[in-house]
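Beneath this line is the structure, given in structure tokens, with notes to follow.
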Amino acid sequence: MIWLSQREGRLLAFFAKRASGPIVEIGSYLGMSTVFMARATKNKIYAIDPHYLKSYKKFIANTKKYKNIIPVKKTSEQANKNWHQEISLLHIDGNHEYKYAKKDLKLWLKYLKPDGVVVCHDAFAPYPEVWQAVKEEIFDSEKFGYVGVLNSQVFALKTKAFNP
């Protein structure tokens, strides 16, 4: 089973190449999406995943040659407690239940810098709960422009604040 298509991986690489600072990935599992980004940038990539399924050893084996990947073996909420820097690219592919998808967006979007990009994976069927959270936090928000879709990914550019 392929969890991330080549097109989706190339989109992540496209945004990673243009990132001007730290990248945060929520839900890294075996590192497939992490590697797509790491190959495209020298920016630090904080790969946050609790690795409940004993996937950590495989993640490390798959990503060990990329020195810009920083594994963070914690839940999104645990990692967020000590986070204090702006993010250029936020990739969310964590728990697909509504309450967790919503929480990930609420916890991390506040660190996305103006002109930063958020990419949410598995935003559609068979994950309607992820779509609901993405709709509420991104599509219905005035903070994002240039919203797009590629396969199961939704991506959006955070707009700069302005006074009309």
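The values are calculated or read from the model by the stated rules, or taken from the named source; none is laboratory data. Just so we're clear, the structure is a prediction, and the values are computed from it rather than from any experiment. Ideal geometry is used to build each Cβ from the backbone, glycine not excepted, and the neighbour counts take in all protein chains shown. Accessible surface is based on the protein model in full, side chains and every heavy atom, while ligands, DNA and RNA are left aside. Shrake-Rupley method; radii C 1.70, N 1.55, O 1.52, S 1.80 Å.
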Next on the checklist: Could you check segment 119-142 and list, in sequence order, the residues that are farther than 12 Å from Leu105 by Cα, touching a residue at least 24 places away in the same chain (Cβ under 8 Å) and more than 16 Å from the chain's Cα centre (by Cα)?
Outcome noted: Tyr127, Glu129
Item to check | Residues satisfying the stated conditions in segment 10-34, i.e. polar (S, T, N, Q) and either closer than 20 Å to Ile60 by Cβ or within 9 Å of the chain's Cα centre (by Cα) (or both) | outcome: Ser28, Ser33, Thr34
Item to check | Which numbered condition Val118 misses (of (1) within 18 Å of Gly21 (Cα to Cα); (2) assigned to a loop (DSSP other than H, G, I, E, B)) | outcome: (2)
Checklist entry - On the given criteria, is Lys17 over 21 Å from Asp104 (Cβ atoms), in contact (Cβ under 8 Å) with a residue 12 or more places away in the chain, assigned to a helix (DSSP H, G or I) and of a type in the set (D, E, K, R)? => result yes
Checklist outcome for this item: All-but-one check, Phe155 against (1) in contact with a Leu (Cβ under 6 Å, 6 or more places away or on another chain); (2) in contact (Cβ under 8 Å) with a residue 60 or more places away in the chain; (3) assigned to a strand (DSSP E or B); (4) not small (Gly, Ala, Ser), failing number (1)
Checklist entry - Within the group Ile87, Ile60, which residue is among the β-branched types (Val, Ile, Thr), open to solvent by less than 40 Å² (accessible area, probe 1.4 Å) and at pLDDT 95 or above? => result Ile87
